[in-house]
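The values are calculated or read from the model by the stated rules, or taken from the named source; none is laboratory data. Computed from a predicted model, the values in this text were never measured in an experiment. Please note: Cβ atoms are built from the backbone with ideal geometry, for glycine as well, and neighbour counts cover all protein chains shown.
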Ligand SMILES: [Zn+2]
């Protein structure tokens, strides 16, 4: 049983956390975010819990950063993971105090000037320049890691087609048990399908070559299904995986966005969503609902459908992919 101190009752009490929509003004910018607020179960007053407060402040900050064009925590994390570099090492390369980046990751908002410096590094060519200029300031091991990452990223501009197992591994490396995110074989299938769709829509090329089939439960890659079949409806364990060995920076950003957009739904939610998508729907029209089928969903159909979605919802950048969730508003509720 979790309890916290209530000032009004002057004792530890059980409490209920409610999600509250908050509009506030931060440094002259109006921001909206959902805060988690704990209320005492006995006197119903709001109570103070440091962890939740920190979380809310972080959210408000992130929202502020988004609105004012300041780099977000997630974008900084993406830079670190893309170049396989620690916050301290990056600070050294930039000639900044060694705790600077760590502080940004904890929620301190960078000045615009510093934010712009960091944003530049989203382009691997700028990162390479910075690295070449200052590599003598960092350790041997860090150098080796960054060099491998940079080489892989800069050499893969041609967008090689990867295999579906690597796409699966990317998502499985994102599982975070602490925040309750998990991936079952069925959910994994839906994630790779949306990754393929958006890759086709944005970059005009397939992410992986494998064809998807219109199974009863939505689009499925049969070989991926076989690979994780033994998990059945269980969660697949988190794996360690270094994305930059396989994907280029654009693909990593796209996959991160796909995960952020669809990863919050469970397998059943995602299955219902794919059932609303034309490529699967059209093929299944000729089948009974319960009928098994392994008919291939032509890649052309997937490309056409996602390009269309991109247009309808005016999706210009990867981060806009979330807008397309509106399509599923009736089945997702609230
Ligand atoms: Zn109370």
Residue match in the stretch 195-203 (condition: surrounded by fewer than 21 Cβ atoms within 10 Å (Cβ to Cβ) and assigned to a loop (DSSP other than H, G, I, E, B)): no
Of all residues in the stretch 12-38 being surrounded by 15 or more Cβ atoms within 10 Å (Cβ to Cβ) and farther than 26 Å from residue 64 by Cα, the one that is nearest to the chain's Cα centre (by Cα): 15
Pairs, first over 19 Å from residue 112 (Cβ atoms) in the stretch 64-87, second part of a loop (DSSP other than H, G, I, E, B), C-beta under 7 Å, six or more apart: 80/86; 84/242
Unmet criterion (only one of (1) at pLDDT 90 or above; (2) in a loop (DSSP other than H, G, I, E, B)) for residue 227: (2)
Residues that are within 30 Å of residue 145 (Cα to Cα) and either free of Cβ contacts under 8 Å to residues at least 40 places away in the same chain or touching a strand residue (DSSP E or B) at 6+ places or on another chain (Cβ under 6 Å) (or both), drawn from the stretch 224-251: 246
Unmet requirement for residue 283, which otherwise passes all of (1) farther than 16 Å from residue 167 by Cβ; (2) under 23 Å from the mean Cα position of the chain (by Cα); (3) in a helix (DSSP H, G or I): (2)
Residue in the stretch 104-119 that is in contact (Cβ under 8 Å) with a residue 40 or more places away in the chain and closer than 30 Å to residue 299 by Cβ present: no
Among (1) more than 12 Å from residue 193 (Cα to Cα); (2) modelled with pLDDT of 90 or more - the single one residue 220 does not satisfy: (1)
Subset of the stretch 46-60 [farther than 17 Å from residue 21 by Cα, exposed (fewer than 13 other Cβ atoms within 10 Å of the Cβ) and touching a residue at least 24 places away in the same chain (Cβ under 8 Å)]: 48
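Within the stretch 169-181, is even one residue in a loop (DSSP other than H, G, I, E, B) and exposed (fewer than 13 other Cβ atoms within 10 Å of the Cβ)?
Looking for residues that are in a loop (DSSP other than H, G, I, E, B) and exposed (fewer than 13 other Cβ atoms within 10 Å of the Cβ), one finds at least one in the stretch 169-181, hence yes.
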Set 260, 330, 320: member being in a helix (DSSP H, G or I) and over 26 Å from residue 173 (Cβ atoms): 330
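Quick grid of which residues meet (1) in a helix (DSSP H, G or I); (2) farther than 27 Å from residue 71 by Cα:
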| residue | (1), (2) |
| --- | --- |
| 131 | yes, no |
| 135 | yes, no |
| 146 | yes, no |
| 149 | yes, no |
| 152 | yes, no |
| 166 | yes, yes |
| 190 | yes, yes |
| 213 | no, yes |
